[in-house]
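Okay, structure first, notes after.
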Amino acid sequence: MTQEKKTIESGAAVPVAAPVKRPAKAAPKPPPPPTFFGTFLQGLTRPSLPAVIGTLCVALAWLAACVLFLTPANLARIDARYLMTVEDDDYTEVSLRAFRIAAQPVKPAFAIALFGTSGTREAISDEKVIEEAVSAELGTQAPCYFLAAKALSPYEMVGVMDHISEGFEGIVVMHIGPNFLSDSGEGRRHLIDLHRLAFQNEVYDEELRAAGLNPPSHTGNYFLDNWRFFSVRTNDQLLHHLIAGPPVFKRHRYVDKPPLRENQRGWDDMVATAIKWMDEQAYRANRQTNRELLDRMIARLRRNGRVELVLVEVPRNPVLSNILIPPALASDHRAFMQQWAQQPGVHYFELDQEAALTADDLEDYIHLRSPAAQERYTKALAQKLRQVAAQWKEEP
């Protein structure tokens, strides 16, 4: 038996170890005072039912306001620049200008609708020059509606013209060229997705369907049918424009730019792009289709009044013309246009020589950069349209 067992059995006291003293627990720290951001974040991530209902009510109220009050008639009263995301938003400018034209209570006895792409936008110094020349010939006010926008397609032009067609009589001017007549409806599928203009109409949809496209169906409500146009224009810039005022719309964007041919790399890149842009095969395949598209537009307009169609070649850089448009194609194109102009009420003009355009007058292939060249070109076009107006007076 061990000594430890003997001690226990004998009843002797067994020494007990002293308890270990542990430090007292510190009192819990009070939570930090709430901050504005913390409270906001908590409310944002843990919304209450009343907050959710309130948010939905506000959103539905905004939607109802758009559905009820966002209409072509109301848009015609506002400055288009408030909706522009950038200072060169041609599509907003053209759309709201078309709304204002359509909203006129009294239609002019004679008007000029001038359509085109960015080449037209840069070529015309001021449409008032055209308006004054034609008005002087007719002895009555003849407004000129400037409806040009970057890469505006023939289908969009037809849609815009149909929107302003009620009571229209006068001249429809189309800036045209081989690249314009190369336009393929099949190649314009993005028109449906982008919805660049602020309206749709049956004529536009009909022409898209004839081109093999499937435009979206209409609900009958303007805002719901055109929400894509507005969705890309509702950003922080809209609030900024409402507070600080609209931006200054910049129409001429190439003025005083140096010619690209002074920059060899820029010139080479531009030539390569333009060669792809001017596709001879696409031109021959699509020119008749685009001619018929414009012929149908004029036929619809002539059901309600007298309309002349004026086809004008877009200005072209003389140095590049022979590179991009071989002489045989240029000759074929001219013959095609002259044959088109044999139709009653159709006119065809080339103005580059009359306007004495030189390579230095253009920044690239079709964009005039010289204010003096713009004035010469505009005066040359005004003179041609004055001649058409003179024929209008003489013919029954």
Mean-square fluctuation check for the chain, GNM, Cα pairs under 10 Å: which of Ser153, Ser321, Ser231 is largest?
Ser231
Gaussian network model of the chain, Cα springs within a sub-10 Å range: biggest mean-square fluctuation belongs to which of Pro178, Pro32, Pro215?
Pro32
Regarding segment 280-329, what are the three Cα extents along the principal axes, ordered largest first, in Å?
44, 23, 12
Taking only C-alpha positions in the chain, Rg and Dmax in angstrom work out to 34.8, 148
Apply the Karplus curve 6.51 cos²θ - 1.76 cosθ + 1.60, θ = phi - 60°, to the phi angles in segment 123-132 and return the couplings in whole Hz, x for Gly and Pro.
7, 8, 5, 6, 5, 5, 4, 5, 4, 5
Residues meeting the amide H criterion for Tyr145 (H placed from the backbone, H to H distance under 5 Å, 5 or more places apart or on another chain) are Ile112, Ala113, Leu114
Projected label distance in nm at Arg306 and Arg253, using a 7 Å step from Cα toward the beta-carbon:
4.0
Quick check: the angle from helix 327-340's long axis to the longest principal axis of the chain, C-alpha only, nearest 10 degrees?
70
Rounded to the nearest 5, the percent of antiparallel DSSP beta bridges in the chain equals 5
Note the full-extension length gain between Asn214 and Gln104 as 0.36 nm times their separation in residues minus their Cα-Cα distance, in nm to one decimal.
36.4 nm
Using amide H atoms built 1.01 Å from N in the peptide plane, name the residues 5+ places from Tyr348, or on other chains, whose amide H lies under 5 Å from its own.
Leu311
Pick from Asp279, Asp89, Asp269 the residue whose mean-square fluctuation is largest in a GNM of the chain, springs joining Cα atoms under 10 Å.
Asp269
Contour minus end-to-end for Val346 and Lys150, with contour as 0.36 nm per residue of separation and end-to-end as the Cα-Cα distance?
68.1 nm
Name the residues whose placed amide hydrogens come within less than 5 Å of the amide hydrogen of Leu362, ignoring near sequence neighbours (fewer than 5 apart) on the same chain.
Arg369
Based on the Cβ-Cβ distance of Val67 and Glu292, what FRET efficiency does E = 1/(1 + (r/R0)^6) give at R0 = 56 Å, to the nearest 0.05?
0.90
Using the Karplus curve 6.51 cos²θ - 1.76 cosθ + 1.60 with θ = phi - 60°, work out ³J(HN,Hα) for each residue of segment 206-213 in order, rounded to whole Hz, and write x for Gly and Pro.
4, 5, 5, 5, 5, 8, x, 9
Using θ = phi - 60° and Karplus 6.51 cos²θ - 1.76 cosθ + 1.60, couplings along segment 344-350 (whole Hz; Gly, Pro as x):
x, x, 10, 10, 9, 9, 10
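Using a 1.4 angstrom probe on the protein heavy atoms only, could you order Trp340, Trp62, Trp227 from most to least accessible area?
Details: Trp340 0, Trp62 175, Trp227 120 Å².
These residues rank, largest area first, as Trp62, Trp227, Trp340.
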With everything on Cα atoms, drop me the angle between helix 280-301 and the longest principal axis of the chain, reported from 0 to 90° to the nearest 10.
80
222 nm mean residue ellipticity, helices alone, for the chain (DSSP H n ≥ 4; -39,500 (n - 2.57); rounded to 500):
-15000 deg cm²/dmol
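The values are calculated or read from the model by the stated rules, or taken from the named source; none is laboratory data. Model, not experiment: these values are computed from the prediction. For neighbour counting, all protein chains shown are included, and Cβ atoms are generated from backbone atoms with ideal geometry for every residue, glycine included. Side chains are part of the model used for accessible areas, which takes the heavy atoms of the whole protein and leaves out ligands, DNA and RNA. Shrake-Rupley method; radii C 1.70, N 1.55, O 1.52, S 1.80 Å.
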